[in-house]
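> Would you mind keeping the following structure in view while I ask a few things?
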Amino acid sequence: MHIIKRDWTAAVVPPNMRATMPANPSVLADDATAPLLTPVTVRRKGPRQWLRLVSPVLLIALWQIGSSTGLISSRTLAPPSQVLASFYRLTADGALQQHLLVSLGRVAKGMAFAILIGGSLAVIAGLSRLGEYIIDAPMQMLRTLPVLALIPLFIIWFGIGELPKVALVTVAATFPIYLTLYAGIRGVDPKLVEVARVLRLSRTQLIRHIILPAALPTALVGLRYSLGISWLILVAAEQVNANSGIGYLMNDARDFMRTDVLVLGLLIYAALGLLVDALVRWLERRLLAWRPTFVGAAA
Amino acid sequence: MNASTLPAPRSPAVRIRGLTRRFGETVALDNVDLSIASGEFVALLGRSGSGKSTLLRALAGLDAPTSGSVEVPEERMVVFQEPRLLPWKTAIENVTLGLTGPATAEQARAALAEVGLEHRLHAYPGTLSGGEAQRTALARALVRAPKLLLLDEPFAALDALTRMRMHRLIESLWIRHELAVLLITHDVDEAILLADRALVIDQGNLSTAIPIDLPRPRELGQEGFLGLRKRLLGAIGVTESETNGATPLRGVATLRDLDSPQPREVDATSARGAAAPA
């Protein structure tokens with residue numbers, strides 16, 4: 001703390017009056033060097049969270065008005081009312097649920113393989129120098145490939161069934177998981193590794209109790225990223241020779257110029273993205289309950 | 001070397017012969033000999049970079065010497081300056097880490113109770129205060145029943161009041177468990193309060209050994225304290241005037257204070273100055 005050496009009390013106020021001095025000394029000091037006292041204010045989150053909803057609602061209202069008055073052609077963009085209507089129609093006959101389930105299944109399978117492959121490779125590369133030499137360099141090269149460019153190759157390799165779709169999701173989702181888990185393992189505090197040596201932990205104990213838990217927060221960021229990417233890839237993959245799934249539904253709608261179903265598909269993708277994000281955040285809260293930020297937030 | 005000529009009356013807990021450690025051109029430890037008797041409390045003082053931490057790491061088995069021999073008991077534990085608890089494990093899980101056996105949980109509970117933390121068994125380190133975390137680290141060491149306890153400035157990051165409590169705690173644990181203790185510290189007063197023998201290390205050499213035979217329990221400024229303090233500061237190469245006139249009764253003069261001298265521009269007659277932290 002820097003201390004300004006200026007004995008203004010002694011100069012201005014006789015000793016017997018000091019006790020009655022005002023709290024703010026700037027009224028006594030000359031302006032040029034006035035010490036400034038600022039009241040401490042802490043901004044609290046306002047209670048007007050609902051304000052965030054105003055602009056989306058307004059946009060939808062404008063969109064509906066634009067469609068109703070004929071400003072927006074339904075060939076360009078179906079009105080919200082029509083999107084809602086086709087949502088009801090598609091859920092009523094169970095078609096939407098069917099497609100959704102298929103898409104969810106593809107993402108789940110792709111993610112499961114990605115976690116298995118990316119996770120294992122990261123553990124091997126993270127824990128051994130030899131593993132790093134063998135695995136890390138090719139992974140760093142492959143991760144820069146645009147995954148969608150693999151579609152033609154995957155069709156030749158895997159045909160047009162389920163396999164290329166799941167494989168695309170797997171490839172795309174593997175890299176974030178690999179990269180973050182690998183970085184997490186390599187970023188473990190060496191001081192904690194030293195504790196393991198002092199306590200004479202076995203290598204298995206070191207990995208289980210120190211390295212993997214330490215890498216977990218970073219790895220969960222990778223998981224979140226992977227899940228986002230897997231939906232992204234699925235949209236593209238399901239538009240190639242699919243006969244089910246949300247992507248197929250949209251592709252079909254395009255052929256019949258059904259902009260209402262197209263918008264519905266987009267909304268479903270958005271909702272799924274939010275859902276998956278919420279899932280990972282729930283997972284983080286459970287698995288990282290020890291973090292001081294969460295300890296505070298839980299209260 | 002002075003340190004080695006002092007007799008180690010009981011069976012030794014540490015025997016170091018001709019320990020040398022080089023980091024490239026730098027000689028961190030230069031042909032050090034040292035014996036610590038079992039049950040003896042030794043304080044090791046030195047300025048930053050004097051080699052004291054290197055010596056502790058060699059004893060802990062965390063660093064391999066360039067040459068020389070280091071003999072220590074198999075049962076040795078270290079408490080570092082930072083508690084180094086695993087943040088994802090509760091206090092008791094940290095204490096039992098890596099231990100197996102039926103009575104482990106019970107022993108861990110007893111160790112935590114011994115350091116006064118029986119009410120914090122299931123707290124995460126992120127919710128512990130600095131003193132509580134350091135006491136948990138101490139319990140983690142004690143539960144393993146060490147014969148040699150290595151303390152690497154374990155109180156340096158604690159506030160003055162907590163540090164005084166920790167001094168008393170360490171002393172009582174040392175007496176109860178009959179440990180050999182090597183305490184690395186910056187703090188001359190801490191060394192005099194706790195140790196049977198104070199060693200001074202300078203540029204990789206154990207330059208001085210001063211036996212401290214004050215009766216226990218000791219307190220700052222008791223008879224003989226100031227004399228020892230002067231001798232120790234002299235051995236480290238600090239004159240009394242360099243310590244800014246701090247006496248053990250007023251505050252704790254540590255070598256760290258000397259390493260980073262604080263500007264003293266407090267004007268005693270100024271109301272603002274008097275309110276400022278000294």
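What follows draws every value from the coordinates through simple rules; no lab data is involved. The structure displayed is predicted, hence computed values, not measured ones. Quick reminder, even Gly has a Cβ in these numbers, built from the backbone with ideal geometry, and neighbours come from all protein chains shown.
Let's see how each residue does on (1) surrounded by 21 or more Cβ atoms within 10 Å (Cβ to Cβ); (2) within 12 Å of chain A (Cβ to nearest Cβ); (3) in contact with a His (Cβ under 6 Å, 6 or more places away or on another chain):
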site: B:THR90; (1), (2), (3): no, yes, yes
site: B:GLY98; (1), (2), (3): no, yes, no
site: B:ALA108; (1), (2), (3): yes, no, no
site: B:GLY130; (1), (2), (3): no, no, no
site: B:ALA137; (1), (2), (3): yes, yes, no
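> Taking the stretch B:90-112 on its own, how many of its residues are of a type in the set (S, T, N, Q) and assigned to a helix (DSSP H, G or I)?
Qualifying residue count for the region: 4.
> Taking the options B:LEU121, B:LEU56, name whichever one is under 30 Å from B:LEU228 (Cα atoms), surrounded by fewer than 22 Cβ atoms within 10 Å (Cβ to Cβ) and either facing another protein chain (nearest Cβ under 10 Å) or of a type outside the set (Val, Ile, Thr) (or both). Spell out how you get there, then give the answer.
Numbers: B:LEU121 fails: under 30 Å from B:LEU228 (Cα atoms).
Of the residues listed, the single one that is under 30 Å from B:LEU228 (Cα atoms), surrounded by fewer than 22 Cβ atoms within 10 Å (Cβ to Cβ) and either facing another protein chain (nearest Cβ under 10 Å) or of a type outside the set (Val, Ile, Thr) (or both) is B:LEU56.
> Test B:ALA157 against the criterion of being in a loop (DSSP other than H, G, I, E, B), touching a Gly at 6+ places or on another chain (Cβ under 9 Å), surrounded by fewer than 21 Cβ atoms within 10 Å (Cβ to Cβ) and in contact (Cβ under 8 Å) with a residue 40 or more places away in the chain, and give yes or no.
So B:ALA157 fits the description; yes.
> Of the conditions (1) surrounded by fewer than 16 Cβ atoms within 10 Å (Cβ to Cβ); (2) within 14 Å of chain B (Cβ to nearest Cβ); (3) assigned to a helix (DSSP H, G or I); (4) free of Cβ contacts under 8 Å to residues at least 12 places away in the same chain, A:ALA149 satisfies every one except a single condition; which number is it?
The number of the failed condition is (2).
> If A:GLU194 satisfies all but one of (1) surrounded by fewer than 20 Cβ atoms within 10 Å (Cβ to Cβ); (2) within 30 Å of A:ILE229 (Cα to Cα), what's the number of the condition it fails?
Exception for A:GLU194: condition (2).
Quick grid of which residues meet (1) away from every other protein chain (no Cβ under 13 Å); (2) touching a Lys or Arg at 6+ places or on another chain (Cβ under 7 Å); (3) under 30 Å from B:LEU59 (Cβ atoms); (4) among the aliphatic types (A, V, I, L, M):
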{"residue": "A:TRP157", "(1), (2), (3), (4)": "yes, no, no, no"}
{"residue": "A:THR170", "(1), (2), (3), (4)": "yes, no, no, no"}
{"residue": "A:ALA196", "(1), (2), (3), (4)": "no, no, yes, yes"}
{"residue": "A:GLN205", "(1), (2), (3), (4)": "no, no, yes, no"}
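> Taking the stretch B:127-171, which residues are closer than 16 Å to B:ARG109 by Cβ and β-branched (Val, Ile, Thr)?
B:THR136, B:VAL143
> OK, next. Would you point out which residue out of A:ALA167, A:ALA125, A:ALA78 is buried (at least 18 other Cβ atoms within 10 Å of the Cβ), in contact with an Asp or Glu (Cβ under 6 Å, 6 or more places away or on another chain) and more than 25 Å from A:GLY187 (Cα to Cα)? Steps first, please.
Numbers: A:ALA167 fails: in contact with an Asp or Glu (Cβ under 6 Å, 6 or more places away or on another chain); A:ALA125 fails: more than 25 Å from A:GLY187 (Cα to Cα).
Checking each option against the conditions leaves just A:ALA78.
> So B:GLY126 passes all but one of these: (1) within 12 Å of chain A (Cβ to nearest Cβ); (2) in a helix (DSSP H, G or I); (3) farther than 19 Å from B:ALA157 by Cα. Which condition number does it fail?
Evaluating B:GLY126 over (1) within 12 Å of chain A (Cβ to nearest Cβ); (2) in a helix (DSSP H, G or I); (3) farther than 19 Å from B:ALA157 by Cα leaves (3) as the failure.
> What number of residues within the stretch A:180-213 are over 28 Å from B:ALA145 (Cα atoms) and touching a Phe, Trp or Tyr at 6+ places or on another chain (Cβ under 9 Å)?
Here the count works out to 1.
> Would you be able to say whether some residue in the stretch B:63-70 is in contact with a helix residue (DSSP H, G or I) (Cβ under 6 Å, 6 or more places away or on another chain) and either crowded, with 21+ Cβ neighbours inside 10 Å or more than 13 Å from chain A (Cβ to nearest Cβ) (or both)?
Our first condition is that a residue be in contact with a helix residue (DSSP H, G or I) (Cβ under 6 Å, 6 or more places away or on another chain); within the stretch B:63-70, this holds for B:63, B:65, B:70.
With the extra rule that they be either crowded, with 21+ Cβ neighbours inside 10 Å or more than 13 Å from chain A (Cβ to nearest Cβ) (or both), the set shrinks to B:65, B:70.
The answer is yes; a qualifying residue exists.
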